[in-house]
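Accompanying notes for the structure given below.
The values are calculated or read from the model by the stated rules, or taken from the named source; none is laboratory data. Keep in mind it's a predicted model, so treat the numbers as computed, not measured. Don't worry about glycine lacking a Cβ; one is built from the backbone with ideal geometry, like all the others, and counts go over all protein chains shown.
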Amino acid sequence: MAHYQVICLSCQAVQDEAAMTSPAVGCTRCGGPLGFHYDYQDVRWDGRFGRTMWRYWRLLPVPDPTQLVTLGEGGTPLLPSRMLTGARVYLKDETRNPTGSHKDRPLSVAINHARRMGATASFVVSTGSTGISNAALAACAGLKSVVLMTQGTPAARVYPMYALGSQVVEVEGAIDDLIEQVIQLCRRHGLYLSSTSRASNPYQAEGNKTIAYELVEELGRAPDWVVVPVGGGGTLAGLLRGFQDLQRLGHVERLPRLVGVVPRDYNALEVAFQRGLTRWEEVLALPYHDCPPSILVKLAHSYPPDGMEALEAVRACGGWFLSVTDEEALAAQEACGRQEGLYVEPSTGAALAGAARLLQGGEVRPEETVVVLVSGSGFRENFVTMERRPLEKRTTTVQKLETVLLAMA
Ligand SMILES: [Zn+2]
């Protein structure tokens, strides 16, 4: 018997996994969102997979771990922070994943599922990390990858996907319409959609849990706080499910408090949390249809697709949301480079700025442990950072080199 079941999160009906035609389908009875039940009786980590996230396969929806395709996702270091003080602060360095971001974890689960379903191609709507992870993991699995985006996406953002073999499709129209259209088309035609929202693909969402497993393994207990940059909301929600798994297994006593960080102009979740909104329709009624552009493109969702899950997760663990400006994110990104030796993407700068605010707020005690999710590498977003902070350099001659070097030492 498999160690997991696919279930409907609304009506709890068990789904026939073998009959699924696309991960974008809902419950066969009520159309509700899908999730997973695991067998918690026999959970052991599997040493055959080294430090990778696949040592946790017994809590992931994969029936046969011997058939896995992997680039070595997970097993990323936990580093003590220098720039953030006031508690025991650590950085979970997800830039060490194969394509430089935490999205390799969910996409690895998705691509392995795609392969098992016999899909020939994996589709995503993305202009960011998901598109790159999809391209890399699909290439590794021998699948085609197709990335869809709205017009006007900078070529520098898309190029890594292309370099990894992805077909690139630009679509005229609004992003929300595109996402909905792609979900409908993949449902109708049995295409494999790997976008990182539960409605697109519930399998990928499980990959985020492995960050929580690693944190507890490394620290020997759950951290007291985890600061997470929030875009679609699925990463934060997945992290909490990971800690809940460990609580159920008796590995942690209580859940950490998760603090989600969103861009100031895209802070629907922060407002929804503060106002106590409990229905998604209420969130959709908040005025975020025409937000100004942000450099934090990976976090800039007017209405995050897994926002309700993220809201519920934050409430379940006593956390909250806070928002930061682009300038705060960029300043933290720069400080991280200079003080930590980590070149991170601007979205990670947002999480670091949020963590600094949390630490100054008086809620965190000095003996408590705070983990900041360092979600992605800055190397892939050079063009964004360079625009805002152009390269400074000195020019000299060989004759004057001695003076210059001594002045700089
Ligand atoms: Zn249902």
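Brief remarks follow.
- Of all residues in segment 141-175 being among the hydrophobic types (A, V, I, L, M, F, W, C) and in a strand (DSSP E or B), the one that is surrounded by the fewest Cβ atoms within 10 Å (Cβ to Cβ): VAL169
- Elements of type strands (runs of 3 or more DSSP E) contained in segment 27-139, each with 1 or more residues being within 25 Å of GLU180 (Cα to Cα): 34-38, 121-125
- Taken as a whole, the condition of being surrounded by 23 or more Cβ atoms within 10 Å (Cβ to Cβ), polar (S, T, N, Q) and touching a Gly at 6+ places or on another chain (Cβ under 6 Å) does not apply to ASN201.
- Flag for ALA212 being free of Cβ contacts under 8 Å to residues at least 60 places away in the same chain, among the small types (Gly, Ala, Ser), crowded, with 23+ Cβ neighbours inside 10 Å and in contact with a strand residue (DSSP E or B) (Cβ under 9 Å, 6 or more places away or on another chain): yes
- Hey, VAL252 modelled with pLDDT of 95 or more, on the phi < 0 side of the Ramachandran plot and in contact with a Ser or Thr (Cβ under 8 Å, 6 or more places away or on another chain) or not: no
- When ALA353, ALA335, ALA310 are checked against the criterion of being in contact with an Asp or Glu (Cβ under 7 Å, 6 or more places away or on another chain), part of a helix (DSSP H, G or I) and of a type in the set (A, V, I, L, M), a single residue qualifies: ALA353.
- Within segment 20-58, the set of residues being over 20 Å from GLN204 (Cβ atoms), of a type outside the set (Lys, Arg) and away from the ligand (no atom under 11 Å from the Cβ) comprises ASP39, TYR40, GLN41, ASP42, VAL43, TRP45, ASP46, GLY47, GLY50.
- Any chance ALA2 is over 23 Å from the mean Cα position of the chain (by Cα) and assigned to a helix (DSSP H, G or I): no
- The sole residue among GLU328, GLU402, GLU363 that is more than 25 Å from SER101 (Cα to Cα) and assigned to a helix (DSSP H, G or I) is GLU402.
- Residue that is surrounded by the fewest Cβ atoms within 10 Å (Cβ to Cβ) [pool: residues in segment 65-88 that are over 19 Å from the mean Cα position of the chain (by Cα) and free of Cβ contacts under 8 Å to residues at least 24 places away in the same chain]: THR66
- Test: residue in segment 367-378 that is at pLDDT below 95 and farther than 22 Å from THR76 by Cβ: no
- Residue within segment 2-19 that is in contact (Cβ under 8 Å) with a residue 60 or more places away in the chain, within 15 Å of the ligand (Cβ to nearest atom) and within 23 Å of THR120 (Cβ to Cβ) present: yes
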